[in-house]
């Protein structure tokens, strides 16, 4: 029997590998959360906690809608429910709220994860684009101002 030229081993082969992957998950500068089928946090990384100003313990078990402005919570839950049921959800910009009430602009990239036992979870990567949007607006205003003065 001929062997394949390339052989792949499982990514996680022991506890050391699992610890290494967890270290990466915590070290990455992108906020990541995992929500269950009901929209409750089951996992958040350090960057997610820092972005929103909550501790991990304050988030786990709570609805992800707690970081949405009040007027967006119902829509956010509807989108989550549809995504878990199989509807597509495109990466998008959202307005979110930190624990202290500060509003942020974020870019959200959702991914459906189906676990070995068949349970469906949503893994969401979140990037703060607040400063980027401010700089973009300043550049636009500067460009318009320059066009007017010509």
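Where a number appears in this text, it was derived from the coordinates with a stated rule and is not lab data. Just so it is clear, the structure is predicted and the values come from calculations on it, not from any experiment. Cβ placement follows ideal geometry from the backbone for every residue including glycine, while neighbour counts extend to all protein chains displayed.
Computed from the C-alpha gyration tensor, the three semi-axes of the ellipsoid equivalent to the range 70-114 are 22, 12, 9 Å, from longest to shortest. In the elastic network of the chain, a GNM with C-alpha springs shorter than 10 Å, the most mobile of 119, 35, 65 is 119. Given a cut-off of 24 Å, what percent of all Cα-Cα pairs of the range 15-149 lie beyond it? Cα-Cα pairs of the range 15-149 separated by over 24 Å account for 36 percent. Here the extension length gained between residue 87 and residue 109 equals 6.5 nm, from 0.36 nm per residue of separation less the Cα-Cα distance. Highest GNM mean-square fluctuation, the chain, Cα pairs closer than 10 Å: which of 26, 137, 43? The residue with the greatest mean-square fluctuation here is 137.
According to the Cα-based calculation, Rg over Rh for the range 84-150 is 1.23, with Rh computed by the Kirkwood formula. Using the Cβ-Cβ distance between residue 98 and residue 120 with R0 = 41 Å, the FRET efficiency computed as 1/(1 + (r/R0)^6) comes to roughly 0.90. Which of 115, 40, 98 moves the most in a Gaussian network model of the chain with Cα springs under 10 Å? Greatest mean-square fluctuation among the candidates belongs to 115.
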